[in-house]
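The values are calculated or read from the model by the stated rules, or taken from the named source; none is laboratory data. Model, not experiment: these values are computed from the prediction. Methodologically, a virtual Cβ is constructed for each residue, glycine included, from the backbone with ideal geometry; neighbour enumeration extends over all protein chains shown.
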Amino acid sequence: MSQKLGRASEKLAEPVYIRSSASVAGQKEGQGPFGALFDLVGEDDLFGCKTWEEAESTLQKDAVHLALGKAGVGPEEVDFLFAGDLLGQSIATSFGVSCYGIPLFGLYGACSTCGESLALASMALAGGFGERMVCVTSSHFASAEKEFRFPLGYGSQRPLSATWTVTGSGAFVLEKKKHEKSRAKITGFTVGSVVDYGLKDSMNMGACMAPAAASAIERHFQDFGVGPEEYDRIITGDLGTVGQTVLFELLREKGYDIAHKHMDCGIEIFDREKQDTHAGGSGCGCSAVTLSAYILKQLEEGVWRKVLFLPTGALLSKTSFNEGRSVPGIVHGLVIEAV
């Protein structure tokens, strides 16, 4: 099954294989550095729907459809589906994947949900609770603005510390058995804890999440008995440029320097010189589409051998923000290796 390491980590006795994956992205994302790598880029961010929320559901539906098609399996051959999004009661997920009829675990870890879903699916497979799982997460710029900030028609000004919610969805088919076309393998993971430094700026979520990222990375190094040199890349989800700076400072205080190994999906997904996204990208879809379209490709092609993948999440809601509460963070890390 697995070997418990330290307080929060598991080393899988046998790896779990990422059989296939798919990425669906919006127009702005399609114009970024990874645009040519996405499986599907929408011509209209409404994706032919009447509302932004319905469009996000379509993102998930399409991503799962494409991932299953690549694996050559049908919904009836999937044991469990692990899925989530940013909207209240996870409505993008419930309306998006209901058509598949797959037994569903609905998840919420904010923008860390991709990591949470992959860790839980890996745990289920390692424990013998099935042979095949699907993980999918999504976010949409317009639905997130309505949910957490202001409707687009309000025309609010965004500070330079703000990130741009990625319109996208990433889906992954995980299996116990290795296949000749398996994209990568998951060999372990570290489950994050809620970390709250008392920051309250919802327009600077990178800084709010960075302490959780630092905590998860430090915990991972301690539990696995490794350092930054173990990985070709240490990849966070959506800290952006501000959060990245905070992360480096916090880890240096702990004796770790990851600057030469670090990559942030939110920084890489947009072109900072050509696209006005301020501190970078964010959202459940940010790390998911980057993992599917770019990170797994690097592992398949032998550019990287082993990465530590750490989707980052800010645990706030409209209610908590309006009541003056802080913005806690949570981060889950996965060890993903080339097959």
- Is it the case that some residue within region 94-110 is hydroxyl-bearing (Ser, Thr, Tyr), on the phi < 0 side of the Ramachandran plot, at pLDDT 95 or above and surrounded by fewer than 17 Cβ atoms within 10 Å (Cβ to Cβ)? yes
- Any residue in region 215-227 that is buried (at least 20 other Cβ atoms within 10 Å of the Cβ), modelled with pLDDT under 95 and either among the aromatic types (Phe, Trp, Tyr) or not assigned by TED's automatic domain parsing to the domain that holds GLU131 (or both)? no
- Test GLN275 against the criterion of being among the polar types (S, T, N, Q) and either within 26 Å of THR187 (Cα to Cα) or assigned by TED's automatic domain parsing to the domain that holds ALA171 (or both), and give yes or no. no
- Query: Out of region 162-207, which residues are of a type in the set (A, V, I, L, M) and under 25 Å from LYS11 (Cβ atoms)?
  - Reply: VAL173, LEU174, ALA184, ILE186, VAL191, VAL194, VAL195
- Task: Kindly indicate the residue of region 1-38 that is assigned to a strand (DSSP E or B) and aliphatic (A, V, I, L, M) and also surrounded by the fewest Cβ atoms within 10 Å (Cβ to Cβ) among those meeting that condition.
- Result: ALA13
- Task: Would you please list the contacts, defined by Cβ atoms under 8 Å and residues six or more apart or on different chains, that run from a residue in region 167-184 that is part of a strand (DSSP E or B) to a residue that is surrounded by 20 or more Cβ atoms within 10 Å (Cβ to Cβ) and at pLDDT below 95?
- Result: GLY168/GLY283
- Query: Quick check: anything in region 156-164 in contact with a Phe, Trp or Tyr (Cβ under 8 Å, 6 or more places away or on another chain), modelled with pLDDT under 95 and surrounded by 24 or more Cβ atoms within 10 Å (Cβ to Cβ)?
  - Reply: yes
- Task: Considering (1) outside any strand (DSSP E or B); (2) under 26 Å from GLU77 (Cα atoms); (3) not β-branched (Val, Ile, Thr), say which one SER138 fails and leave the rest.
- Result: (1)
- Query: Taking the stated definitions as given, is ASP62 in the same structural domain as VAL134 (by TED's automatic domain parsing), part of a loop (DSSP other than H, G, I, E, B), of a type outside the set (Val, Ile, Thr) and surrounded by fewer than 24 Cβ atoms within 10 Å (Cβ to Cβ)?
  - Reply: no
